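Just below is one structure, and these are the notes that go with it.
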Amino acid sequence: MEKKDSHLEEQESADVTSTEETETAVEETVEKVHTEDAATDEVAALKAQLEEKEDAYLRLQAELANIQKRNRKERETDAKYRSQSLAKELINVLDNLERALAIETTEENQTFKKGIEMVYESFKQALQNEDIQVVDPLNEPFDPNYHQAVQTVEVEDGQEAGTVVTVHQKGYTLHERVLRPAMVVVAQ
C-alpha cells in the first residue's frame, strides 16, 4: 500500500507541478498577449505620428517652393521695372527739352539749338533702350488706361466721338506699365 501511496503522491505531485506549469504557461501567454497588444498599440501610435510628420514635411516643402517662386517672380519684376523711378524724373527733363526746342531761335542760336536737339535725341534713345515708350494718342480712341482727359470739346466735322483731338502732355509707359498718362482733350 505504501507503494500505492507513494505512487499516488508522485502522481499528485506531478499533477500539481503540471498544474503550476500550466498556470505559469497561461500567465506567460496572457502576459505575451498583453505585451503584443501594447506593442501593437505602440506601433499604431508611431505610425500615426509618422504620417503626421510626413504630412507636415510635405506641407513645408510646398510652402518653401511657393516662397521660392514668389521671390523669383519679385526679382524678375524688380529687374524689369528697375528704371521706373529714374524714368519718371527724366520724363520731366525731356518735356523741358521739347519746350526749349519749340522756341524760335535766331541764326546766332542755331548751334545752341542743334546741341539741345542732340541731347534730346540721346535722352529719347536712352529711354527707348529701357523700353520706355511714348504715348502720343492724337486722333486715336480715348483709353482711360493710358490717357487722362483734361477737357472735352464738341465733335467737329471729320471727328468721331471719343477720339483724342489734342494732346497737352505726352504719356509714357514702361513695359506696358503707365509711368505717366497722356493729358488729352477728347471729342464728345
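What to note about this one:
- The set of residues from the range 123-145 being farther than 16 Å from Q188 by Cβ and open to solvent by 70 Å² or more (accessible area, probe 1.4 Å) comprises K124, Q125, Q128, N129, Q133, V134, D136, L138, N145.
- Taking first residues from the range 128-141 that are more than 13 Å from E176 (Cα to Cα) and partners that are surrounded by fewer than 16 Cβ atoms within 10 Å (Cβ to Cβ), the Cβ contacts under 6 Å between residues at least 6 apart in sequence or on separate chains come to P141/G162.
- Pick from the range 159-178, criterion of a type in the set (G, A, S) and assigned to a loop (DSSP other than H, G, I, E, B), ranking: farthest from N92 (Cα to Cα): A161
Residues checked against (1) at pLDDT below 95; (2) more than 30 Å from A182 (Cα to Cα):
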| site | (1), (2) |
| --- | --- |
| H7 | yes, yes |
| V43 | yes, yes |
| E63 | no, yes |
| L86 | yes, no |
| D95 | yes, no |
| E98 | yes, no |
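- Scan the range 72-97 for residues that are open to solvent by 70 Å² or more (accessible area, probe 1.4 Å) and either more than 30 Å from the chain's Cα centre (by Cα) or of a type outside the set (S, T, Y) (or both) and the total you get is 13.
The values are calculated or read from the model by the stated rules, or taken from the named source; none is laboratory data. The structure displayed is predicted, hence computed values, not measured ones. Here the Cβ is made from the backbone with ideal geometry for all residues, glycine too, and neighbour counts use every protein chain on show. Quick note on the areas: whole protein, heavy atoms, side chains included, nothing else; ligands and nucleic acids left out. Shrake-Rupley method; radii C 1.70, N 1.55, O 1.52, S 1.80 Å.
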